[in-house]
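Novice: Provided herewith is a single structure, encoded as structure tokens, for subsequent inquiry.
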Amino acid sequence: QVRLSESGGGSVQVGGSLKLSCVVSLPRRSRFSDSEFCTAWFRQAPGKEREAVAAIDKDLSHNYGDSVKGRFTISKDRARNTLYLQMNMLKPEDTAMYYCAAIPTVVRQCPEEATEYAVWGQGTQVTVSS
């Protein structure tokens, strides 16, 4: 069973930065690593649907939504089995619960639909104050 655990959320003022982390625990004898399948960051504000932020697969990273392009960067550290989301120039609109997610199989491309991801972390809250 693939397991995910997020951390790094908190409260920050407008224009500030946060770096989220997601530890990816892989099943024993798995033929896939966290570099071979899709891992992604999503966020969800109260009363709104879950929104894709960014995803990374074996070769490419993907940013979803014009609102975060140029401000958020997804990356991973294979040695530590950890996914990161560096968030800069934060805005009040970025306030949400942030989740990491994974598709534990090889896919052609990483989707942005939350329903396509099979494994989820518990979430970490990000609050941006003006």
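The values are calculated or read from the model by the stated rules, or taken from the named source; none is laboratory data. Note that the structure is a prediction, hence the values are computed from the model and not measured. So basically every Cβ, Gly included, is an ideal-geometry build from the backbone, and we count neighbours across all protein chains shown. Side chains are part of the model used for accessible areas, which takes the heavy atoms of the whole protein and leaves out ligands, DNA and RNA. Shrake-Rupley method; radii C 1.70, N 1.55, O 1.52, S 1.80 Å.
Novice: Per residue of the range 98-107, in order, report the coupling 6.51 cos²θ - 1.76 cosθ + 1.60 (Karplus, θ = phi - 60°) as ³J(HN,Hα) in whole Hz, putting x for Gly and Pro.
Specialist: Residue by residue, the range 98-107 yields 9, 10, 9, 8, 8, 10, x, 9, 6, 10 Hz.
Novice: Next up: Any idea of the accessible area per residue across the range 13-130, 1.4 Å probe, to the nearest Å²?
Specialist: Each residue of the range 13-130 exposes 56 Å² on average to a 1.4 Å probe.
Novice: Any idea how far apart Leu60 and Arg80 come out in nm if each label point goes 7 Å out from Cα toward Cβ?
Specialist: Modelled inter-label distance: 2.7 nm.
Novice: Quantify, in whole percent, the carbon and sulfur part of the accessible surface of the chain (1.4 Å probe; protein heavy atoms only).
Specialist: Carbon and sulfur: 45 percent of the exposed surface of the chain.
Novice: Determine the sum of side-chain charges near Gly16: Lys and Arg each +1, Asp and Glu each -1, restricted to other residues whose C-beta is under 12 angstrom from that of Gly16.
Specialist: +2
Novice: If we sort 108-118, 88-98, 48-58 on the protection proxy, mean other Cβ atoms within 10 Å, highest first, what's the order?
Specialist: Packing proxy ranking, top to bottom: 48-58, 88-98, 108-118.
Novice: Over the Cα atoms of the range 32-116, what radius of gyration and what Dmax do you get, in Å?
Specialist: So, for the range 32-116, Rg and Dmax equal 12.6, 37 Å respectively.
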